[in-house]
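So the structure is just underneath, and the comments pick up after that.
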Amino acid sequence: MKFSEMKYVRPDTDALIQSYGRLTEAAQKAENGQTLLDLFAEHRTLNDDYECNSCLANIRHTLDTRDEFYDTENNFFDRVGPSVGNAQLNFYRALLASPHKEALAQKYGQILLDKMQISVSSASEEVLELMQEENELVSRYQKLYATCTVEFDGKTLAIPEMGPYKESLDRNVRKAAFEAEGKAFDSIRNELDEIYTRMIENRNEQARRLGFENYVPLSYLRMGRLGYDAKDVKSFRDQVARDVTPLANKAMQAQFKRVGLSDAKFYDCTVGFADGNAAPVGTAEELLAFAKQMYTELSPETAEFIQMMTESDLFDLKSRTGKAPGGYECPIPVFNVPFIFSNFNGTSGDVDVLTHEAGHAFQAWVAFGQDLCQELASPGLESCEIHSMSMEFLTEPWHHLFFGNDARKTAKYALAHAQEALTFLPYGCMVDEFQHIVYAKPELTPDERNAVWMELEHKYRPWNDFEDLPFYGRGAGWQRQLHVYQHPFYYIDYCLAQMVALQFFAAELKDPKDAWQRYMTLVKLGGTETYAGLVRSAGFAVPFEPGAIQPVVEQVAQWVESKNQQL
């Protein structure tokens with residue numbers, strides 16, 4: 001079935017909440033484990049139907065945020081989502097309180113009960129209105145960002161469409177592009193600041209009502225983190241600042257040298273080579289055809305996957321005005337397929353999407369095939385990102401397809417991709433530390449928040465010189481990072497996953513077949529293991545372990561340096 005044929009039906013949420021009330025009461029009265037298993041099976045059906053329609057509405061809303069019907073439906077789910085979620089949590093509470101809950105653990109594993117416990121600890125009826133308001137703020141930010149345009153080169157462009165100009169070999173064009181983009185963000189400065197201030201107030205108030213000092217500990221529960229806490233994450237960030245930032249800085253200085261810049265500025269960081277970055281060759285349709293060849297040849301599993309994705313039109317890749325920014329993958333229950341959303345702009349980022357988001361989609365498809373319940377279909381987000389970031393490296397033998405079989409372009413992409421893995425780790429940690437600070441210090445003004453960001457820039461990315469750029473020069477660059485607004489505290493998950501992906505990179509260089517088998521072992525586990533358990537299942541070191549980071553990043557840095565010398 002094609003995506004356009006998937007029928008959307010607004011859920012009858014009153015009836016759904018009543019059904020969960022009935023399930024909750026039945027669970028409280030259950031006299032044996034089989035009754036709990038039957039009730040959980042009914043919950044799965046209800047949950048799949050609700051999530052299916054929620055996903056369809058969200059995807060179609062982001063495809064065109066100006067579509068009045070799906071804008072209304074998106075607002076509907078913003079409004080009712082917390083109430084439905086609370087009804088589900090009451091059902092979880094009844095299951096967890098049952099003396100027969102061991103039946104669930106025996107069938108689904110103890111991790112199901114652990115995940116339920118985390119969920120019930122992070123919400124209650126006391127915060128429903130606040131959660132609804134939070135959803136509305138997120139949608140308001142998304143729409144504000146999506147409809148923000150830049151007047152440049154005689155055109156009116158969406159923010160993602162500025163990408164090629166920001167990578168221009170003409171330094172004046174690059175600078176002008178960053179200035180124009182910065183001015184566009186500055187034009188909505190007051191709204192961006194006001195939305196984020198309200199988000200901090202809202203989320204901190206939710207935390208206080210649930211018994212927490214601020215949103216930081218609550219966010220760890222809502223992220224579903226099992227087996228580690230904020231102290232472990234701080235230790236990870238400290239290791240990155242100590243062991244990765246110097247290597248990333250060295251790599252960036254080498255980049256500036258090969259580009260021929262002795263006074264590099266922030267707007268120069270987007271150009272990795274004197275003859276230009278490796279831009280893919282072909283239209284969105286042609287790039288998708290290359291992706292189909294790549295996944296067809298990678299493995300029998302990915303061949304079946306990409307056939308299904310292309311036949312069902314489960315991609316929307318082109319950037320356009322009104323389309324939400326960014327990129328994502330969204331699993332659609334009931335139809336049991338994933339959808340990939342992106343904003344192609346003619347840069348190497350388009351290739352990243354066809355590997356990164358496809359990694360998410362492939363894992364979701366595998367989980368659907370195993371008939372895993374939604375609670376166990378996906379692991380924590382830090383582990384979900386292993387699927388995507390590792391796929392970026394595991395598909396390396398086919399990347400030449402996207403660059404017209406040009407050996408130099410392909411080599412440049414490989415070098416830039418590995419180097420960006422290094423430089424991303426400090427950035428991701430910077431985003432995470434910034435959020436820890438602003439939620440712990442809600443009294444900070446917008447200007448003071450920007451000052452915190454600039455301090456972290458010096459700590460994690462000392463190679464950046466913002467000169468007098470609008471927006472970026474005043475420390476507001478964090479506001480273009482969607483996750484800060486929409487998915488608080490998510491960004492460190494990319495870093496934790498990147499450390500595993502880099503181990504897959506090393507494994508792929510040594511033995512591609514062995515690396516793929518490790519990957520499939522991890523993917524098939526879905527969310528039935530913790531982050532540490534999944535990493536160990538692939539035979540890799542867990543990044544929280546002392547000394548785990550340094551040898552990995554040093555190996556990658558040496559590879560980057562050798563490739564730099566070759567080019």
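The values are calculated or read from the model by the stated rules, or taken from the named source; none is laboratory data. Note that the coordinates shown come from a computational prediction; the quantities given were computed from them, not determined experimentally. So basically every Cβ, Gly included, is an ideal-geometry build from the backbone, and we count neighbours across all protein chains shown. Keep in mind that these areas ignore ligands, DNA and RNA; they rest on the heavy atoms of the full protein, side chains included. Shrake-Rupley method; radii C 1.70, N 1.55, O 1.52, S 1.80 Å.
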task: Pull up the range 257-266, narrow it to residues that are touching a residue at least 24 places away in the same chain (Cβ under 8 Å) and outside any loop (DSSP other than H, G, I, E, B), then point me to the one that is least open to solvent (accessible area, probe 1.4 Å).
output: F266
- prompt: If you go through the range 24-37 one residue at a time, do you hit one that is closer than 30 Å to D313 by Cα, open to solvent by less than 70 Å² (accessible area, probe 1.4 Å) and either at pLDDT 95 or above or not aromatic (F, W, Y) (or both)?
  reply: no
query: Counting only residues that are more than 12 Å from I340 (Cα to Cα) and out of contact with any Lys or Arg (no Cβ under 9 Å at 6 or more places or on another chain), how many does the range 304-319 have?
result: 4
- prompt: In the list G547, G533, which residue meets the criterion of being on the phi > 0 side of the Ramachandran plot and surrounded by fewer than 20 Cβ atoms within 10 Å (Cβ to Cβ)?
  reply: G547
message: So the check is Cβ under 8 Å with 6+ separation or different chains; which pairs have a first residue in the range 380-405 that's over 16 Å from L425 (Cα atoms) and without any contact (Cβ under 8 Å) to a residue 12 or more places away in the chain and a second one that's part of a helix (DSSP H, G or I) and not β-branched (V, I, T)?
response: H400/A407
- request: Identify, by number, the condition in (1) open to solvent by less than 50 Å² (accessible area, probe 1.4 Å); (2) not in a strand (DSSP E or B) that V150 doesn't meet.
  value: (2)
Count - residues of the range 488-505 that are more than 13 Å from A421 (Cα to Cα) and either in contact with a Gly (Cβ under 8 Å, 6 or more places away or on another chain) or modelled with pLDDT under 95 (or both): 4
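Let's see how each residue does on (1) part of a loop (DSSP other than H, G, I, E, B); (2) without any contact (Cβ under 8 Å) to a residue 24 or more places away in the chain; (3) surrounded by fewer than 19 Cβ atoms within 10 Å (Cβ to Cβ):
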| position | (1), (2), (3) |
| --- | --- |
| Q132 | no, no, yes |
| L137 | no, no, no |
| Y141 | no, no, no |
| P164 | no, no, yes |
| N172 | no, yes, yes |
| A177 | no, no, no |
field: Matching entry among L425, L469, L444 (being at negative phi, in a helix (DSSP H, G or I) and modelled with pLDDT of 95 or more)
entry: L425
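Just one of Y295, Y228 is closer than 30 Å to K513 by Cβ, open to solvent by less than 30 Å² (accessible area, probe 1.4 Å), hydroxyl-bearing (S, T, Y) and within 25 Å of the chain's Cα centre (by Cα); which is it?
Exactly one of Y295, Y228 is closer than 30 Å to K513 by Cβ, open to solvent by less than 30 Å² (accessible area, probe 1.4 Å), hydroxyl-bearing (S, T, Y) and within 25 Å of the chain's Cα centre (by Cα), namely Y295.
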- prompt: Which residues, counting only those in the range 235-253, are of a type in the set (K, R) and without any contact (Cβ under 8 Å) to a residue 12 or more places away in the chain?
  reply: R242
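Let's see how each residue does on (1) free of Cβ contacts under 8 Å to residues at least 40 places away in the same chain; (2) buried (at least 20 other Cβ atoms within 10 Å of the Cβ); (3) under 23 Å from the mean Cα position of the chain (by Cα); (4) farther than 30 Å from Y267 by Cα:
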{"site": "L169", "(1), (2), (3), (4)": "no, no, no, no"}
{"site": "A180", "(1), (2), (3), (4)": "yes, no, no, no"}
{"site": "K183", "(1), (2), (3), (4)": "no, no, no, no"}
{"site": "I188", "(1), (2), (3), (4)": "no, no, no, no"}
{"site": "E191", "(1), (2), (3), (4)": "no, no, no, no"}
{"site": "R203", "(1), (2), (3), (4)": "no, yes, yes, yes"}
{"site": "Q206", "(1), (2), (3), (4)": "no, yes, no, yes"}
{"site": "Y215", "(1), (2), (3), (4)": "no, yes, yes, yes"}
Single unsatisfied condition, K292 versus (1) without any contact (Cβ under 8 Å) to a residue 40 or more places away in the chain; (2) assigned to a strand (DSSP E or B); (3) over 20 Å from M6 (Cβ atoms): (2)
- line: Among (1) over 16 Å from E385 (Cα atoms); (2) assigned to a loop (DSSP other than H, G, I, E, B), G326 falls short only on (1)
message: Considering only the range 384-400, I want to know if a residue exists there that is within 25 Å of N47 (Cβ to Cβ), assigned to a helix (DSSP H, G or I), open to solvent by 10 Å² or more (accessible area, probe 1.4 Å) and touching a Ser or Thr at 6+ places or on another chain (Cβ under 9 Å).
response: yes
statement: Considering the range 349-367, residues that are of a type outside the set (G, A, S) and out of contact with any strand residue (DSSP E or B) (no Cβ under 7 Å at 6 or more places or on another chain), and then whichever is farthest from L401 (Cα to Cα), we arrive at V366
- request: Among the residues of the range 88-119, write down those that are more than 20 Å from N47 (Cα to Cα) and either surrounded by fewer than 19 Cβ atoms within 10 Å (Cβ to Cβ) or touching a Cys at 6+ places or on another chain (Cβ under 9 Å) (or both).
  value: A97, P99, H100, E102, A103, Q106, Q110
- line: Residue pairs qualifying under the 6 Å Cβ cut-off, at least six apart or on distinct chains, with the first in the range 267-285 being under 14 Å from K409 (Cβ atoms) and in a loop (DSSP other than H, G, I, E, B) and the second being among the basic types (K, R) and open to solvent by 30 Å² or more (accessible area, probe 1.4 Å), are A278/K409
query: List, please: which pairs have Cβ atoms under 7 Å, are six or more places apart or on different chains, and start with a residue in the range 320-348 that is on the phi > 0 side of the Ramachandran plot and end with one that is open to solvent by less than 20 Å² (accessible area, probe 1.4 Å) and in a loop (DSSP other than H, G, I, E, B)?
result: G322/T65
statement: Note on the range 428-439: residues without any contact (Cβ under 8 Å) to a residue 40 or more places away in the chain and either crowded, with 22+ Cβ neighbours inside 10 Å or within 10 Å of V240 (Cα to Cα) (or both) are M430
message: So for the range 405-415 (the condition being closer than 30 Å to K231 by Cα, touching a His at 6+ places or on another chain (Cβ under 8 Å), part of a helix (DSSP H, G or I) and not small (G, A, S)), does at least one residue qualify?
response: no
- prompt: Which residue out of L415, L394, L376 is in contact with a Leu (Cβ under 9 Å, 6 or more places away or on another chain) and more than 30 Å from I332 (Cα to Cα)?
  reply: L415
query: From the set of residues in the range 299-323 that are open to solvent by less than 30 Å² (accessible area, probe 1.4 Å) and either in a loop (DSSP other than H, G, I, E, B) or touching an Asp or Glu at 6+ places or on another chain (Cβ under 8 Å) (or both), which is farthest from G359 (Cα to Cα)?
result: G322
- line: Within the range 472-487, the count of residues that are small (G, A, S), closer than 30 Å to M131 by Cα and part of a helix (DSSP H, G or I) comes to 1
